[in-house]
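Undergrad: Pasting a structure here, questions to come.
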Amino acid sequence: MSNPSSEPRFFNQEASLLEFNQRVLTLAERESNPLLERLKFLCISASNMDEFFEVRLAAILELTRNPAARTIPDGMRPTEAVKMLHERAHGLVANQYRVLNELLIPELKQQGIHFLHRSRWTSRQKRWLKDYFENYLQPVLTPLGLDPSHPFPRVLNKTLHFIVSLSGRDAFGRASDMAVVRVPRSLPRVMELPSKLGDGKNFVFLSSILHAHVDELFPGMQVRGCHQFRLTRNTNLFVDEEVVDDVASALEGELSHRDYGDPIRLEVSDTCPPEMSEYLLDQFELPSEALYQVAGPVNLPRLSTVPGLAGRADLEFPPFSPAPLPEGSTTPARHPGHGDAPVGLFGRIRQGEILLHHPYQSFAPVIDFLRQAAVDANVLAIRMTLYRTGENSAIIDALARAARNHKEVTVVAEVRARYDEDNNIRQAIRLQEAGAHVVYGVVGLKTHAKMILVVRREPYGLRRYMHLGTGNYHQITTRFYTDFGLLTDNEALGRDCARIFQQLTSLGTTEGLEVLLQSPFTLHAGLIQRIEREAKHAREGRQARIVAKMNGLQGKKIIETLYEASQAGVQIDLIVRGICCLRPGVPGLSETIRVRSILGRYLEHHRVFFFGNDGDPELFLASADWMKRNLLGRVETCFPVREPALFRRVYEEGLNVYLRDTAGAWTLEPDGSYRSVQPAAGEEPFSAQEWLMKQYGG
């Protein structure tokens, strides 16, 4: 038996993230998935890698420049962590291109979807592509010759470039041997050829078109080599919120610099000669381990356009239409005999709480909730948190309409939501112009809670109606992310939500909350207390059980408390999609803890926490993962589900069905590896997501 005290008690979170991305890549390899969906999974894996370098590795590299940072939270020296992560990332990137070249491209070819190498273009295709280059590409390309008066240009983050080696003399009679060509982001990276130029669907990479015609950019000179490259930069934004007067304005200023952060990774074609790669590394002051030589296009995420262009619905997942809100109440009426229940959704909520499970159920009721509030003469005030909304948002439309209808609209807009900063600022300005009050959260803390509070005047006084959720108010992601939402008029929840909004807008202290747990104040301590309670029950021979589902698990205190509960005998099942720093199944440390990850058609996003409590169980839904940043560094909410029918639904649909999954489940092993779960002999694979689609009529 191993000695747990002599082994690491935590996994490195960045390495865990790479392991997660490797599991995403397996979905691109899995033959049971439709072929174009496999290509999408490859693009997701590549996009995840971009963010890994831009954010995760970039943050550790910042520590290497800080003499005071001897170790990172996982106990490694920053320089050691960077080297280890590059080694793992190289292997993962090589796997991505193996999947593309050895699996997907040949199988797509069998389906009549071709990626044409320039050596195989027909004469008709060559003529068409030459015309396309001269009319659509060449006019927007700017070749930059390099000499003492033309230094190496600033290279934008993740933008396709070409380094070109030349011989001969330029128009001014000067010898020139090097140039850089930047490809505008507006140009498609994959070009579909007209159907008349070949059988099936034929695609050509933009890099191939430029390679074939690059000599036309340098008339009178000889092109000796042309090689694509792509630079990934640090995109972490820094605004000292303690010293700026206006966080939104300061962020707007920072956004213009995001494309020019510190270099992190250099991607080049594997045909790029060593001397050219070394030249580029020197220009960006990068070490050799930051060089990624790839067997294909350097911007794999751009292949995500191909499924839409291919027009092959038979090679994608069958369409699924989310179920509408059922007619009538789903729980017994709690306000009989008043005779004053309003019509529409407010009347439905008065009859009983409504639980929505996305994407299996439509997000439309949430939009309708706001739309009805915007035009209801008895609605006096609407308060809402906004983390991600997307462009052309019906949510923003409804809030703006409510403000124009003289409702008291207050929006807590999080302008620091990564990669949505610009959109969130623009939406906030639009709401302000409509007459809404917009505040930008709390200094130093992202507002990640998902809450809508509507105050309505009714014959017996003011009543609060709420939507509380585990996911963002984003109409696009609600079609692909699994989340729960609760529409309720519970009085205790209403009082707590009102207190939190008052706290966020006035910055005053709040009285103790009645039923909600809130970060950064009571959620962390509340979870610790409940885990410790289960351990106490187990030590005293009573029933003890923990089942929790989340996106990530990293908080040290949470993990240590789970270890102690395991040693007390608590049976613990954790469903963690991504980062998991806990080591399950270690004798003497965590042998009663099981961790599984579910990957499939939809991105598992809801946070559900169940505590057995000796037969008097508690069940919570939350906006927060069990990560240090969520529990101690953000404003989050965690709310109980108490209606018996809804309790059973959440437990079955949000936890139990995932514990039965044998189609998309992976179990975390004590050494940090993941093992694919297989059905028992003679049994068909069981998919939680497919089961839920059938439950809702898909």
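The values are calculated or read from the model by the stated rules, or taken from the named source; none is laboratory data. What you see is a predicted model, and the numbers here were worked out from it, not measured in a lab. FYI the Cβ positions are ideal-geometry reconstructions off the backbone, even for glycines, and counts take in every protein chain you see. SASA here: full protein model, heavy atoms, side chains in, ligands and nucleic acids out. Shrake-Rupley method; radii C 1.70, N 1.55, O 1.52, S 1.80 Å.
Undergrad: For the chain, what does -39500 (n - 2.57) per DSSP helix run (n ≥ 4), summed and divided by total residues, give at 222 nm, in deg cm²/dmol to the nearest 500? Kindly include the intermediate steps, with their values, before the conclusion.
TA: On the way: 20 runs with 223 residues, N = 698.
My calculation for the chain gives -9500 deg cm²/dmol from helical runs alone.
Undergrad: For the chain, what's the relative contact order in percent, using C-alpha pairs closer than 8 Å and at least 6 residues apart?
TA: On the way: 1294 pairs, mean separation 78.3, N = 698.
11 percent.
Undergrad: Oh, and also: Give the residue from SER506, LEU487, LEU527 lying farthest towards the positive end of the charge dipole for region 474-530; charges sit on Cβ (+1 for Lys and Arg, -1 for Asp and Glu) and the dipole is referred to the Cα centre.
TA: Farthest towards the positive end: LEU527.
Undergrad: HN-Hα J couplings of region 312-321 from phi, Karplus 6.51/-1.76/1.60, θ = phi - 60°, integer Hz, Gly and Pro as x?
TA: Residue by residue, region 312-321 yields 10, 4, 5, 9, 10, 4, x, x, 10, 9 Hz.
Undergrad: Taking the full set of protein chains and a 1.4 angstrom probe, give the accessible area of ILE528 in square angstrom, rounded to the nearest 10.
TA: 20
Undergrad: Also, I was wondering about something else. List the residues, sorted by chain then number, that are 5 or more residues from GLU458 or on another chain and whose placed amide H is less than 5 Å from its amide H.
TA: ARG463
Undergrad: On to the next question. If amide H atoms are built 1.01 Å from N in the plane of the peptide, which residues on other chains or at least 5 residues away come under 5 Å of the amide H of VAL438?
TA: VAL411
Undergrad: Heads up, I need the accessible area for PHE203: 1.4 angstrom probe, whole protein in place, Å², nearest 10.
TA: Counting only protein heavy atoms, PHE203 exposes about 0 Å² to solvent.
Undergrad: In terms of Cα to Cα distance under 20 Å, which lysines are near enough to LYS549, apart from those fewer than 8 places away along the same chain?
TA: Hits, sequence-local ones excluded: LYS450, LYS557, LYS628.
Undergrad: Would you mind giving the three semi-axes, in whole Å and largest first, of the ellipsoid equivalent to region 475-588 according to its Cα gyration tensor?
TA: On the way: eigenvalues 181, 79, 41 Å².
Ellipsoid half-lengths, sorted descending, are 30, 20, 14 Å.
Undergrad: Using the Karplus curve 6.51 cos²θ - 1.76 cosθ + 1.60 with θ = phi - 60°, what ³J(HN,Hα) values do you get for each residue of region 653-663, in whole Hz, with x for Gly and Pro?
TA: Karplus-based 3J(HN,Hα) across region 653-663 equals 7, x, 10, 4, 5, 6, 6, 9, 5, 10, 10 Hz.
Undergrad: Leaving ligands, DNA and RNA out of it, rank ASP422, ASP489, ASP259 by accessible area with a 1.4 Å probe, largest first.
TA: On the way: ASP422 75, ASP489 5, ASP259 45 Å².
Output order, biggest surface exposure first: ASP422, ASP259, ASP489.
Undergrad: Let me ask you something else. If we count every other residue with Cβ under 11 angstrom of LEU631's Cβ, Lys/Arg +1 and Asp/Glu -1, where does the sum land?
TA: Values: positive: LYS556, LYS557, LYS628, ARG629, ARG634; negative: ASP625, GLU636.
Spelling it out: positives minus negatives among the neighbours equals +3.
Undergrad: Using a 1.4 angstrom probe on heavy atoms only, work out the carbon and sulfur share of the accessible area of the chain in %.
TA: Here it works out to 50 percent.
Undergrad: So what are the ³J(HN,Hα) numbers for region 186-203, from phi and the Karplus equation (6.51, -1.76, 1.60; θ = phi - 60°), rounded to whole Hz, Gly and Pro as x?
TA: 6, 7, x, 7, 10, 10, 8, 7, x, 4, 5, 9, x, 7, x, 9, 10, 10
Undergrad: Check which residues have an amide H placed less than 5 Å from CYS580's amide H, if you skip close sequence neighbours.
TA: For CYS580, whose amide H was placed from the backbone, the distant partners under 5 Å are LEU553.
Undergrad: By a straight-distance test (C-alpha under 25 Å), which lysines pair with LYS109 as possible cross-link partners, with residues fewer than eight away in the same chain excluded?
TA: LYS40, LYS126, LYS130, LYS196, LYS201
Undergrad: If you line up the long axis of helix 364-375 against the longest principal axis of the chain, both from Cα atoms, how many degrees apart are they, to the nearest 10?
TA: 70
Undergrad: Rounding to the nearest 20 debye, state how big the charge dipole of the chain is about its Cα centre with +1 on each Lys and Arg Cβ and -1 on each Asp and Glu Cβ. Write out the running numbers ahead of the final one.
TA: Values: 81 positive and 84 negative charges, 187 e Å.
Computed about the Cα centre, the dipole is about 900 debye.
Undergrad: In debye, nearest 20, what is the charge dipole magnitude of region 552-698 about its Cα centre with +1 on Lys and Arg Cβ and -1 on Asp and Glu Cβ, if you could check?
TA: Numbers: 17 positive and 19 negative charges, 103 e Å.
Computed charge dipole of region 552-698: roughly 500 debye.
Undergrad: Just the number, please: percent antiparallel of the DSSP beta bridges in region 462-596, rounded to the nearest 5.
TA: Of those bridges, close to 25 percent are antiparallel.
Undergrad: Follow-up question, since we're still on this one. So what's the net charge close to LEU141: Lys and Arg +1, Asp and Glu -1, counting the other residues with Cβ under 15 Å from its Cβ? The partial results should precede the final answer.
TA: Values: positive: LYS130, ARG182, ARG185, ARG189; negative: GLU134, ASP215, GLU216.
Neighbour charge sum, excluding LEU141 itself: +1.
Undergrad: Which residues among region 103-130 fall inside the zone where the amide N is under 16 Å from a point 7 Å beyond the Cα of LYS196, along Cα→Cβ?
TA: 123-130
Undergrad: Once the whole set of protein chains is in place, how much accessible area is left on MET76, using a 1.4 Å probe, in Å² to the nearest 10?
TA: Roughly 50 Å² of MET76 is accessible to a 1.4 Å probe.
Undergrad: In square angstrom, what is the accessible area per residue of the chain with a 1.4 angstrom probe? All intermediate terms of the calculation are to be shown ahead of the outcome.
TA: Details: 29760 Å² over 698 residues.
Value returned for the chain: 43 Å² of accessible area per residue.
Undergrad: Could you tell me, in Å, what Rg and Dmax come out for the Cα atoms of region 459-538?
TA: Answer for region 459-538, Rg first and Dmax second: 16.0, 50 Å.
Undergrad: Sort SER123, SER269 from largest to smallest accessible area, using a 1.4 Å probe on the heavy atoms of the protein chains. Spell out each step's value before the answer.
TA: On the way: SER123 70, SER269 15 Å².
The ranking, largest first, comes out as SER123, SER269.
Undergrad: If you don't mind, there's one more thing I want to ask. Starting from the coordinates of the alpha-carbon atoms of the chain, obtain the Kirkwood hydrodynamic radius over all distinct pairs and give the value in Å to one decimal. Let's see the in-between values first.
TA: Working: mean 1/r = 0.0358 Å⁻¹.
Across the chain, the inverse of the average 1/r is 27.9 Å.
Undergrad: Another question, if that's okay. Straight-line reach only, C-alpha to C-alpha below 16 angstrom: list the aspartates and glutamates that LYS158 could link to, leaving out same-chain residues fewer than 8 apart.
TA: In chain and number order, the partners are ASP50, GLU51, GLU54, ASP259, ASP262, GLU267.
Undergrad: Further question on the same structure: So if I take the centroid of the Cα atoms in region 646-681 and the same for region 486-536, what is the distance between those two points in Å?
TA: Each part reduced to its Cα centre gives a spacing of 30 Å.
Undergrad: Against the longest alpha carbon principal axis of the chain, how many degrees, from 0 to 90 and to the nearest 10, is the axis of helix 394-404 turned?
TA: Long axis of 394-404 versus the principal axis of the chain: about 60 degrees.
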